[in-house]
Amino acid sequence: MQSEWKFTAKDIAEKPDLFMSGHRACAGCAPATVMRLIMKALRGPTIVTQATGCMEVVSTIYPYTSWTVPWLHTAFENAAANASGIEAAIKMLKKKGRIKYEHVDVIAIAGDGGTYDIGIQALSGAVERGHDFLFVLYDNEAYMNTGIQRSGGTPLGASTTTSPAGEVIPGKLEPKKPIADIMVAHEIPYVATASPYYWRDLIIKVRKGLEVEGPAFLHVFAPCPRGWRSDPSKSIELSRLAVETCVFPLWECINGEYQLSAPSKVIAMAPQKKKPVKEYLAVQGRFRHLFTPKNERLIEEIQRITDLRWQKLLKKCGMGREPLNSVF
Amino acid sequence: MTAEEKGWREISIAAVCWKSSTEFLTGDWKTYKPVRDLEKCTKCLLCTIFCPDGAIHWKPEKEDIEFDYNFCKGCGVCANECPVKAIEMRLE
Amino acid sequence: MKSVIVEQKTLALNGDEAVAYAVKQSDVDVVAAYPITPQTIIVERFSEYVANGEVETAFICTESEHSALTTCLAASLTGARTFTASASAGLALMHEMLFVTSGCRAPVVMAIANRALSAPINIHGDQSDTMAQRDSGWIQIYAENAQEVYDSIIQAFRIAEHPDVLLPAMVCLDGFQLSHSVENVNVLPDEVVKKFVGVRQFPMVLTHEGKMAPLKLDPENPMTMGPLAFPNYYFEFKRQQEEAMKNALKVIREVHDEYARISGRSYGDGLLDPYFLEDAEIAIVCLGSTAGTVKTVVDELRAEGVKAGLLRMRTFRPLPVEGIKKALENVRAVAVMDRSMSFGGFGGAVFHEVRHALYDLEKKPFVVNYIYGLGGRDTSPTQIRMIYKDLQEILAKKRVENPINYVGLRE
């Protein structure tokens, strides 16, 4: 699946921000960058609906709003159900001749809270019903807005306020839920992962998600300097490191066929370019406790899981050592 | 809150937002501010793309980049990502 | 105003079917629902209409009731007329979204086939499900029979969408007793209903673009709905909802009267439906289908010369305070029947509210509570008679011995 749209950095820079300045996100917030980039990919009339979370809160503090498009928030777990209602209403109103648009794109945006955990039911239901919408997950790997509590998207070993690194338990002991693979298992036409450092790849994937007819899911990696105890200036760099260490590989699954995206393909072709996870973990305070003799086995565990998931992905993309049998 | 606070009879129902966030200046959040070395800058526009606050603009009429310090929070992402290290974060 | 009663045909419908039929005729754009006994017939019948091309409605089988109401809310805010139905645990699951729907001022209409709440699980009729939601900012109308269910669903769209109201509305029918019992229901012709419900109108609101625009998600007039309102803003929106409820008292009556002129059917004034109350000395207050049984007993007692009466509350939210005062001010002993409980609350919800409404009367009647019919337990005319007898005893002794009573409970 190729998108017809071609653009330069200048084209993107010249597009006005539909996610406006003046929002109250922290300095260095990568999710905020992600919001801006998503909005650069719009192709026509669009309605955005969002789950409760950081981006929702910082951008819609009454009476101010950062959104120049129609925008709805109702609750935490139901961004996908909102999208279902909006999409169905538009289709029916168009059928009855009560609205004039040829087509309106519907985007549901949620954090890892509103997707992995409390939001998964509505998401699963909405895609099973085949609504034509794009669901974007901006993943900062914890319930950041309420104070950095762990989510199903929090990675192994991370210290959060509900999985703190303590004397006995060194942070979260469960690995990150493979949410994008779960969405692939729903057999929807388009699933992809993206990272803001690779802005061009991200914008194209948003556009592809909009162009697809039916449900599309985009998992975007979005570092949070506050929750990750990392330097605000490093948020975008971290989104690059995550890809270079294969902690967060970039890929698409188009009608059930996996394919690596260029930044991860580069590593697949030249495995010596793959960086050790330690490099990624070392610059984040949430993993600091792992760099002690007592806990360093966890770094090995993280490396092991990363490698295992990477190899599984390569196989699915037809680049593994063993022949690929079938995806579904 | 800087907005005028109206009574329940006057305010529109359903809490629809009636002010653009561009009226809320976040520039006073910063401690460090980005300063660009015009000679080093190659106008690659990465800073304009990565800025979480959309506080760096490409001005086609000037063929140049402009920093909007009214909204810049001084995070330093621009400085960190600049491929030619043309941006320096200076204490305000 | 001149009354032109249209010709209607009679169908054999149970309460659920009456709901589905009314929705079919009301030009609804989106129905999103999840099945739960005893509402299932509503969604099943409606999905048949959809499958047979009899309606132009998007029918969405959501994966839970919470999503069902969310989907209706979002569709409503996009400009669609929406409907859903639930009961018991399903309504309970929607709890969060009931408040949100009212707060967003979305005129969603919902039918509730009243059913007991778990635990233990029980699929039969009682009103604990909707009573538990009386604070949510939804209009609540309780129907006595399938005919009234049909009439009330149609009226509900007009009431909810009225510019002075703009609140969601639920029409309640007792589970199994009404939902599954077949009655003769006179239905209006399609065009008449379509004309009555009309096309949705939208209030104008101020948006961030600095102009007034219709309240809906429309790329032509973008607006942000559902923002975060801090303590210095939140309160005023709640007061607005309260004002809408106040306005609903008038609107419900007006819509009821307009409908009565077309259908020839009325239910008191739309808020309260009194029966032999003018000179009653003893009276029962109740909601829903049991009122039918009570009317039978009132007829018998009247024939025996007892000045008994009934006040059926059709509208529970908004609470018709003035109407209750006026209806009961000359009654000397009132038994309020509650088909739900409020544990630890000194009686049931309706008892609380009626007694509260009467508190300011110069001459207050004795007001006592009868909790009945929980979990679908049947209430017989004999038991109703006993209630009236108790009221007579109260008047004779001039005091209340048992303010809270349980009908048909095995001690």
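The values are calculated or read from the model by the stated rules, or taken from the named source; none is laboratory data. Everything numeric in this text was worked out from a predicted model, so none of it was measured. Here the Cβ is made from the backbone with ideal geometry for all residues, glycine too, and neighbour counts use every protein chain on show.
List of remarks:
- One residue stands out in the range A:146-164 among those that are assigned to a loop (DSSP other than H, G, I, E, B) and of a type in the set (S, T, N, Q): the one that is nearest to A:Met55 (Cα to Cα), namely A:Thr146.
- Extreme residue, nearest to the chain's Cα centre (by Cα), among residues of the range C:274-288 that are at negative phi and not in a strand (DSSP E or B): C:Leu287
- Restricting the range A:106-145 to residues that are polar (S, T, N, Q) and outside any helix (DSSP H, G or I) leaves a set whose member that is farthest from A:Val184 (Cα to Cα) is A:Asn145.
- Segments classed as strands (runs of 3 or more DSSP E), wholly inside the range C:97-212, with at least 1 members that are under 30 Å from A:Ile99 (Cα atoms) and away from chain B (no Cβ under 14 Å): C:109-114, C:139-142, C:169-174
- Some residue of the range A:248-261 being in a helix (DSSP H, G or I) and at pLDDT 95 or above: no
- Residues of the range B:46-59 that are surrounded by fewer than 19 Cβ atoms within 10 Å (Cβ to Cβ) and within 22 Å of B:Lys85 (Cβ to Cβ): none at all.
- Residues of the range A:298-319 that are of a type in the set (D, E, K, R) and either more than 19 Å from A:Val184 (Cβ to Cβ) or touching a Cys at 6+ places or on another chain (Cβ under 9 Å) (or both): A:Glu300, A:Glu301, A:Arg304, A:Asp307, A:Arg309, A:Lys316.
- Per this entry, C:Ala74 is not counted among residues that are within 11 Å of chain A (Cβ to nearest Cβ), assigned to a loop (DSSP other than H, G, I, E, B) and crowded, with 20+ Cβ neighbours inside 10 Å.
- Filtered residues of the range C:213-248 (kept if closer than 17 Å to C:Arg105 by Cα and among the hydrophobic types (A, V, I, L, M, F, W, C)): C:Ala213, C:Leu215, C:Leu217, C:Met223, C:Met225, C:Leu228, C:Ala229, C:Phe235, C:Phe237, C:Ala244, C:Met245, C:Ala248
- Conditions (1) at the interface with another protein chain (Cβ under 7 Å from one of its Cβ atoms); (2) surrounded by fewer than 24 Cβ atoms within 10 Å (Cβ to Cβ); (3) more than 19 Å from the chain's Cα centre (by Cα): number failed by A:Pro16: (1)
- The residues of the range A:65-94 that are buried (at least 24 other Cβ atoms within 10 Å of the Cβ), more than 8 Å from chain C (Cβ to nearest Cβ) and over 24 Å from A:Ala142 (Cβ atoms) amount to a single one, A:Glu87.
- Enumeration of residues in the range A:260-288 that are within 30 Å of A:Pro164 (Cα to Cα), buried (at least 18 other Cβ atoms within 10 Å of the Cβ) and not charged (D, E, K, R): A:Val277, A:Tyr280, A:Leu281, A:Gln284, A:Phe287
- Inclusion of C:Gly373 among residues that are under 20 Å from C:Ser289 (Cβ atoms) and small (Gly, Ala, Ser) is warranted.
- Only one entry in C:Phe351, C:Phe316, C:Phe346 is modelled with pLDDT of 95 or more and on the phi > 0 side of the Ramachandran plot, namely C:Phe346.
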